Amino acid sequence: MTAKIRNARFGIGEIVRHRFHPFRGVVFDVDPTFNNSEEWWLSIPENMRPLKDQPYYHLLAENAKTTYVAYVSEQNLLCDESGQPCRHPQLEEIFDGPEQGRYRPKIHRAN
């Protein structure tokens, strides 16, 4: 039996927020299905544990106190409609913007 791969709902550079927890972030990578350790997955309380067969997003994340990298299932993300830029310090290394509510990946030219 093969798993059905769904198209990712959110794209690279998109600003998203968590459905339940008070943080938001910018998508910098997407896994088509869960690609983290079993230990990480089991550390999530069972009543909140997301399904594995959905896209998972790597975020440059922020909350009111700090910035960090987060790994979040698609079912737990929503579009961020605040219109506010993100403040993560690594944003400038990877992206330009924001423009029209999303960040654009920087074009890296070979020397």
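Readers should treat all values here as calculations from the given coordinates under stated rules, not as data from a laboratory. Computed from a predicted model, the values in this text were never measured in an experiment. Backbone-built Cβ (ideal geometry, glycine too); neighbour counts: all protein chains shown.
Apply 1/(1 + (r/R0)^6) to the Cβ-Cβ distance of Ser43 and Asn7, taking R0 = 30 Å, and write down the FRET efficiency to the nearest 0.05. Walk me through the numbers on the way to the answer.
Values: r = 28 Å, r/R0 = 0.93.
That pair, Ser43 with Asn7, gives E of 0.60.
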Radius of gyration and maximum dimension Dmax of the range 15-105, Cα, Å: 13.3, 38
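Which of Arg17, Arg104 has the fewest other C-beta atoms within 10 Å, and how do the rest follow up to the most? Could the numbers behind the result be given before it?
Values: Arg17 19, Arg104 14.
Fewest-to-most ranking of Arg17, Arg104: Arg104, Arg17.
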Can you work out the FRET efficiency for the pair His21 and His108, with r the C-beta to C-beta distance and R0 = 25 Å, to the nearest 0.05? 0.15
Measuring from label point to label point, each 7 Å out along Cα→Cβ, what is the Asn63 to Val30 span in nm? 2.6 nm
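May I ask you to sort Tyr71, Tyr57 by Cβ crowding, counting other Cβ atoms within 10 Å and putting the fewest first?
Numbers: Tyr71 15, Tyr57 26.
Fewest-to-most Cβ neighbours within 10 Å comes out as Tyr71, Tyr57.
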